[in-house]
Amino acid sequence: MIIYRKEKIMSYVMSLNLTSIPKVPYLADNLADKKKQKQKQKEEQQQEQEEEQEQEEEQEQEEEQEQEEEQEQEEEQEQEQEQEQEQEEYPNPEEENPNPEEEKKKKKKKKKKKKKKKKKKKKKKKKKKKKKKKKEKKEEDEIWVELYYRLFFGRYLFLGRALEKQPADQIMKSMIYLNQEDQTKDFMFFISCRGGGMLQGVAVYDVMQFVTGDVFTSGYGLNASMGAFLLHGGELGKRVLSINGRMMIHQPHMSPYDRRRHVESGSDAEFISRLRTYILNTYIERTRQDPELIESLLERDIFLNSEESKAVYLIDEIGVEGMGLDLKNLSLFYANHDNHLMGYSNHENGL
């Protein structure tokens, strides 16, 4: 019976075409490439910022030129008006300049008044420009704030990069806060994660199990390592992967030692072994698969498409149709998950 059972398991694994799947290269080999890419991105961003600054400076120069032209026109008009007034006051040249000192004083007063008017006009124009810019920035900020506000209080959570400390903290804080606000509502967790820290992944998974509302997980693109672990950690029957999505599972591994003591490295090895057993047990419990099958899958890096992931019960549904519905109506999208859950009991009886 034991031999027959093992043969049946191996035939099941071979039917998934997992042996021909390539391994993932070691991440340390690509560190130099990543640094170069980051430097290129920084240089491109700097160039874009410089171009934007140049454009703004050109616009300011054009506006200043227009202002200067307007001021020159105003000065010419004022000079013409003064000449006309003088001609009216002194039509005969013989009668002109009866008191030259008084005329000089008048001219000085007029010049001072003109300068004050010009300064006031410049200040008003600058204030108007600043107000316009502030209004435009406020409108843009209000639009984005409203978008994030609605997504947050709609319980839509996103993970679109490697699971590091900062995104993990944000997701855990959001889940705990929203769960305290209302413990009856569900969460929608969109994931496109290529991996990340093992401690952060286990922490987020524990919080997902802690909250009282169901956590709908929806995967897009490649979800590898901790991304796959979180995707499969959603509520049973409510885990979705897009048609073009993939999952990659493997053993938890340690980072290089980086000049650390032997005692620390030994304690880390013990902790890693405990985490490995924890992750292995969670995969076995949630997928309802044989331990030998899960252990064989986790021995090396294995990529699974959507159909293969569903066959191993890492997910429950393929496709993202109906995901635009409200969380209350999402049960329509998972209407057939009861039939899918029956596969767990049938699989237990069959294998």
- Message: Which condition from (1) surrounded by 16 or more Cβ atoms within 10 Å (Cβ to Cβ); (2) at pLDDT below 90 is the one that residue 132 breaks?
- Response: (1)
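Given the structure, is residue 25 surrounded by fewer than 10 Cβ atoms within 10 Å (Cβ to Cβ), at pLDDT below 55 and more than 30 Å from residue 298 (Cα to Cα)? So that I can check it myself, show each step before the final result.
Values: surrounded by fewer than 10 Cβ atoms within 10 Å (Cβ to Cβ): yes; at pLDDT below 55: yes; more than 30 Å from residue 298 (Cα to Cα): no.
Answer is no for this residue.
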- Message: Quick test of your reading of the structure: residue 178 fulfils all but one of (1) modelled with pLDDT of 90 or more; (2) over 27 Å from residue 298 (Cβ atoms); (3) surrounded by fewer than 17 Cβ atoms within 10 Å (Cβ to Cβ). Name the failing condition by number.
- Response: (3)
- Query: Any idea which residue in the range 159-186 is nearest to residue 149 (Cα to Cα), counting only those that are without any contact (Cβ under 8 Å) to a residue 60 or more places away in the chain and of a type in the set (A, V, I, L, M, F, W, C)?
  - Reply: 178
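Quickly run through the range 213-228 and pick out the residues that are of a type in the set (Gly, Ala, Ser), in a strand (DSSP E or B) and surrounded by fewer than 24 Cβ atoms within 10 Å (Cβ to Cβ). Can you show your working first?
Of all residues in the range 213-228, those of a type in the set (Gly, Ala, Ser) come to 213, 218-219, 221, 224-225, 227-228.
Still in the list and also in a strand (DSSP E or B): 218-219, 224.
Result: 218, 224.
Evaluate the range 297-308: report whether one residue or more is in a helix (DSSP H, G or I), crowded, with 17+ Cβ neighbours inside 10 Å, in contact with a Gly (Cβ under 9 Å, 6 or more places away or on another chain) and modelled with pLDDT of 85 or more. So that I can check it myself, show each step before the final result.
Applying the first criterion (in a helix (DSSP H, G or I)) to the range 297-308 yields 297-298, 306-308.
Retained after the next criterion (residues that are crowded, with 17+ Cβ neighbours inside 10 Å): 297-298, 306, 308.
Among the residues that remain, those that are also in contact with a Gly (Cβ under 9 Å, 6 or more places away or on another chain) are: 306.
Narrowing further to those that are modelled with pLDDT of 85 or more: 306.
So far as the range 297-308 goes, yes, one or more of its residues are in a helix (DSSP H, G or I), crowded, with 17+ Cβ neighbours inside 10 Å, in contact with a Gly (Cβ under 9 Å, 6 or more places away or on another chain) and modelled with pLDDT of 85 or more.
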- Name every residue in the range 153-173 that is surrounded by fewer than 18 Cβ atoms within 10 Å (Cβ to Cβ) and either closer than 15 Å to residue 218 by Cα or among the polar types (S, T, N, Q) (or both), in order of residue number. 156, 158, 160, 161, 166, 170
- In the range 209-244, residues that are among the small types (Gly, Ala, Ser) and under 20 Å from the mean Cα position of the chain (by Cα) total 8
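Of a type in the set (D, E, K, R) and at pLDDT 85 or above - does that describe any residue in the range 245-255?
Restricting attention to the range 245-255, the residues satisfying the condition of being of a type in the set (D, E, K, R) are 246.
Add one more test, that the residue is at pLDDT 85 or above, and what stays is 246.
Checked against the condition, which is being of a type in the set (D, E, K, R) and at pLDDT 85 or above, the range 245-255 yields at least one hit.
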- Message: I'd like to check something: does the range 202-210 contain any residue that is out of contact with any helix residue (DSSP H, G or I) (no Cβ under 6 Å at 6 or more places or on another chain), of a type in the set (A, V, I, L, M, F, W, C) and over 30 Å from residue 272 (Cα atoms)?
- Response: no
- Task: Return the pairs, sorted by first residue and then second, in which the second residue is of a type in the set (S, T, N, Q) and buried (at least 21 other Cβ atoms within 10 Å of the Cβ), the first residue lies in the range 218-244 and is under 16 Å from residue 156 (Cα atoms), the beta carbons are less than 6 Å apart, and the residues are 6+ apart or on different chains.
- Result: 231/217; 231/223; 234/217; 239/217; 240/218
- Query: So residue 149 clears everything in (1) farther than 25 Å from residue 276 by Cα; (2) at pLDDT 90 or above; (3) under 21 Å from the mean Cα position of the chain (by Cα) except one condition, right? Which one?
  - Reply: (2)
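The values are calculated or read from the model by the stated rules, or taken from the named source; none is laboratory data. Worth saying up front: this structure is predicted, and the values here are computed from it rather than measured. No Cβ is skipped: glycine too gets one built from the backbone with ideal geometry, and neighbour counts run over all protein chains shown.
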